[in-house]
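Okay, so here's the structure we're looking at.
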Ligand SMILES: [Ca+2]
Ligand SMILES: [Ca+2]
Ligand SMILES: [Ca+2]
Ligand SMILES: [Ca+2]
């Protein structure tokens with residue numbers, strides 16, 4: 001029973017005991033009114049419950065929810081677009097020739113594009129991420145190749161293929177070569193590779209100069225003559241140079257094995273014959289002497305293998321598609337390896353290496 005009712009009863013009993021008649025009437029009236037007052041109090045309490053304080057807590061909670069909503073907009077993930085590629089037409093190229101293959105539409109939502117084909121193809125393939133154009137350099141040997149172009153993006157990948165036919169060379173009535181003019185290089189040139197470093201469709205040369213610790217870049221004019229571009233400084237004792245696109249920008253880069261310092265220099269091409277971005281050298285085994293580019297983990301990103309003359313093994317470095325490399329397990333080979341080549345000797349679609357051991 002509510003306390004104020006108990007108190008009222010005590011008061012009424014007191015008045016009755018006093019023997020005052022008017023007061024007794026008043027007390028009886030008050031007693032009759034008690035249920036109404038009690039009911040009124042309960043009703044008021046109910047009203048209070050619905051407005052305060054619980055009602056305020058509810059309002060405050062609602063306000064916090066709204067504040068949170070306005071301060072931290074919903075992160076409803078906007079769908080990441082899936083890359084798209086245009087179609088590539090089947091095409092052919094002369095033996096040892098160059099070619100550009102333009103898709104029917106520019107790529108969409110692609111962060112990088114890789115291009116690959118059979119390891120039997122010995123030319124160079126690179127794709128431009130923004131245009132999708134595939135450049136073929138020094139196509140050989142003759143044959144038919146399925147070229148796979150893969151666009152990578154946050155929303156997945158897109159793949160197109162086309163057939164590249166490398167034509168047979170013209171039969172020579174007489175064997176032999178006619179001398180072209182010698183091309184000057186640096187001090188003790190030890191290794192040469194072919195590329196197209198200024199994207200003019202004419203083949204160029206990169207020459208590793210052992211005692212100059214640099215690479216000479218010579219730009220071809222398409223008729224057998226070459227002009228000089230800026231040398232590329234590399235590590236000490238470069239003995240082997242190879243061409244590939246290590247950062248997937250469609251511009252050819254070079255990798256150089258530095259015999260004296262157990263490193264491989266990676267220099268990224270600007271696409272105009274200039275190499276201004278020489279990355280941090282990649283550590284390899286002792287006295288690296290022969291380097292070849294492949295894709296050993298089938299991720300579409302170019303890797304390299306290098307034979308180490310001083311440690312009787314081959315270092316495998318896996319590219320990350322942006323010019324960086326991670327180590328894979330070394331491959332033990334014979335004593336004093338001198339030359340390394342890549343092929344697929346068991347026809348399982350996985351690239352293998354062959355190493356010539358000098359001793
Ligand atoms: Ca060129
Ligand atoms: Ca590049
Ligand atoms: Ca790879
Ligand atoms: Ca194989």
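The values are calculated or read from the model by the stated rules, or taken from the named source; none is laboratory data. All figures in this text were calculated on a predicted structure; none of them were measured in a lab. Glycine gets a Cβ as well: all are built from the backbone with ideal geometry, and neighbour counts include every protein chain shown.
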Check your understanding: Which of the following residues is buried (at least 20 other Cβ atoms within 10 Å of the Cβ), in contact (Cβ under 8 Å) with a residue 24 or more places away in the chain and over 25 Å from residue 349 (Cα atoms): 94, 110, 139?
Key -> 110
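Pick from 270, 286: which is part of a loop (DSSP other than H, G, I, E, B), closer than 22 Å to residue 328 by Cβ, at pLDDT 95 or above and in contact with a strand residue (DSSP E or B) (Cβ under 8 Å, 6 or more places away or on another chain)? Give the steps one after another, and end with the answer.
On the way: 270 fails: closer than 22 Å to residue 328 by Cβ.
Of the residues listed, the single one that is part of a loop (DSSP other than H, G, I, E, B), closer than 22 Å to residue 328 by Cβ, at pLDDT 95 or above and in contact with a strand residue (DSSP E or B) (Cβ under 8 Å, 6 or more places away or on another chain) is 286.
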Exercise for review: List the strands (runs of 3 or more DSSP E) that sit entirely inside the stretch 137-215 and contain at least 2 residues that are over 19 Å from residue 258 (Cβ atoms) and more than 16 Å from ligand 2 (Cβ to nearest atom).
Suggested key: 143-153, 156-166
Review point. So is residue 316 in contact with a strand residue (DSSP E or B) (Cβ under 6 Å, 6 or more places away or on another chain), within 16 Å of ligand 1 (Cβ to nearest atom), outside any loop (DSSP other than H, G, I, E, B) and closer than 25 Å to residue 236 by Cβ or not?
Key: no
**Study point:** Verdict on residue 309 being more than 19 Å from residue 339 (Cβ to Cβ) and either surrounded by fewer than 23 Cβ atoms within 10 Å (Cβ to Cβ) or in contact with a strand residue (DSSP E or B) (Cβ under 7 Å, 6 or more places away or on another chain) (or both)
**Key:** no
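Among the residues of the stretch 244-257, which ones are on the phi < 0 side of the Ramachandran plot and either crowded, with 24+ Cβ neighbours inside 10 Å or within 16 Å of ligand 3 (Cβ to nearest atom) (or both)?
So the first thing to find is which residues in the stretch 244-257 are on the phi < 0 side of the Ramachandran plot, and the list is 244-247, 249, 251-257.
Passing the criteria: 244, 245, 246, 247, 252, 253, 254, 255, 256, 257.
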